[in-house]
Amino acid sequence: MRKMPPWTEKRIEWYQRAVAWNRFDRVLADHICRFINEGETVCDMGCGTGYVAMELARRGYETTAFDMNEVTMAYLRQEVPARGLQDKLSLIEGSWDDLDVEGMWDNVVMVFAGHMDKELEKFIRFCRKRLIVIIRESRKSHVQASGITPQIHTKPADIEKVLRCRRYEMVPVVTEFGQPLESMEEAVEYLKTFGADTESEKSALKNIIRCFDSEYTYFLPNEKKMRMYVIER
């Protein structure tokens, strides 16, 4: 299995464009906020570009965005003040393996991050009340067949096996997370960046949608099927 490409300015641009187009941050925050209370603190651990952390901060939660990636954290150091979120959102750059804290936040949220089948107890220690984990249902990507398949950190069967002795609730989440694109040339660049070969590129482009009355010309659909596990401390 090939790994996802590293974060670059272009990849961040594509990702944030897709988040805004599909309101992906709001969809996930809507589900998360059903389980956290007003006045509770939240850490988005392994936050990547921080879209969930920024949306939670926008809703008034005292939020921490935690990640070890220098590129995405540099992006957040510019984006957080630009959005006026600096009073609600703090940033920590580092590795969770170096954290030696017990119950530092009320809630820890992890979206497509961590290996829950092996590290669940570590992440549980970081929260006082609950750990909220969102994982993909499957390995399938909108880059088809022989193209790259996103690395999956935790399979549903694996996390449910280690959760047998804990109180938790599982919530299915299905939403669109397709990619808006400015041109067919950009669509090809996008697919090649994520490892598509000629066969998978042609397969993906068959599904592309022409957009009208939009700043983007094309849209590459990508329905995401996920599971959200709300695990009580």
Exercise for review: For each pair in K118/K192; K10/K122; K129/K161; K192/K224; K161/K206, compute the distance between the two Cα atoms and list the pairs where it is over 29 Å.
Suggested key: K118/K192; K10/K122; K161/K206
Revision key, fill the gap. Charge tally for neighbours of S90 with beta carbon under 12 Å away, counting Lys, Arg as +1 and Asp, Glu as -1, is -2
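Sort 121-127, 5-11 by the packing proxy (mean of other Cβ within 10 Å over each peptide's residues), most packed first. Before the final figure, lay out the partial values.
Details: 121-127: 17.6, 5-11: 13.1.
Going from most to least packed, we get 121-127, 5-11.
Over segment 1-100, what relative contact order in percent results from Cα pairs under 8 Å that are six or more residues apart? If you can, show how the numbers build up before the last one.
Values: 116 pairs, mean separation 24.0, N = 100.
Averaging sequence separation for qualifying contacts and normalising by length gives 24 percent for segment 1-100.
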Check your understanding: Taking amide H positions as placed 1.01 Å from N in the peptide plane, with prolines and chain starts having none, which residues 5 or more places from E137, or on another chain, fall under 5 Å of its amide H?
Key -> K225, M226, R227
Point to revise | Residues of segment 12-56 with amide N under 15 Å of a point placed 7 Å along Cα→Cβ from E215 | key: 13-23
Check your understanding: What list of ³J(HN,Hα) values in whole Hz, one per residue of segment 70-77 in order, does the Karplus curve 6.51 cos²θ - 1.76 cosθ + 1.60 (θ = phi - 60°) give from phi, with Gly and Pro shown as x?
Key -> 5, 5, 6, 5, 5, 4, 5, 5
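Tell me what the chain gives for mean residue ellipticity at 222 nm when only DSSP H runs of n ≥ 4 count, each as -39,500 (n - 2.57), the sum divided by the residue total, rounded to 500 deg cm²/dmol.
Numbers: 8 runs with 80 residues, N = 233.
My calculation for the chain gives -10000 deg cm²/dmol from helical runs alone.
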Review point. Which ³J(HN,Hα) values, rounded to whole Hz and listed in residue order, are derived for segment 12-28 from phi using the Karplus coefficients 6.51, -1.76 and 1.60 in 6.51 cos²θ - 1.76 cosθ + 1.60 with θ = phi - 60°, glycine and proline given as x?
Key: 4, 4, 4, 5, 5, 4, 5, 4, 5, 4, 8, 6, 5, 4, 6, 4, 5
**Study point:** Cut-off under 5 Å, modelled amide H: who pairs with C47 long-range
**Key:** F66, D67
Exercise for review: Using θ = phi - 60° and the Karplus relation 6.51 cos²θ - 1.76 cosθ + 1.60, list the HN-Hα couplings for segment 208-222 in order, rounded to whole Hz, with x at every Gly or Pro.
Suggested key: 5, 10, 7, 9, 10, 6, 9, 6, 10, 8, 10, 9, 9, x, 7
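Only the coordinates and a few stated rules stand behind these numbers; no lab work does. Note that the structure is predicted; figures quoted are calculated from it, not measured. Note that we place each Cβ from the backbone using ideal geometry, even for glycine, and neighbour counts take in every protein chain shown.
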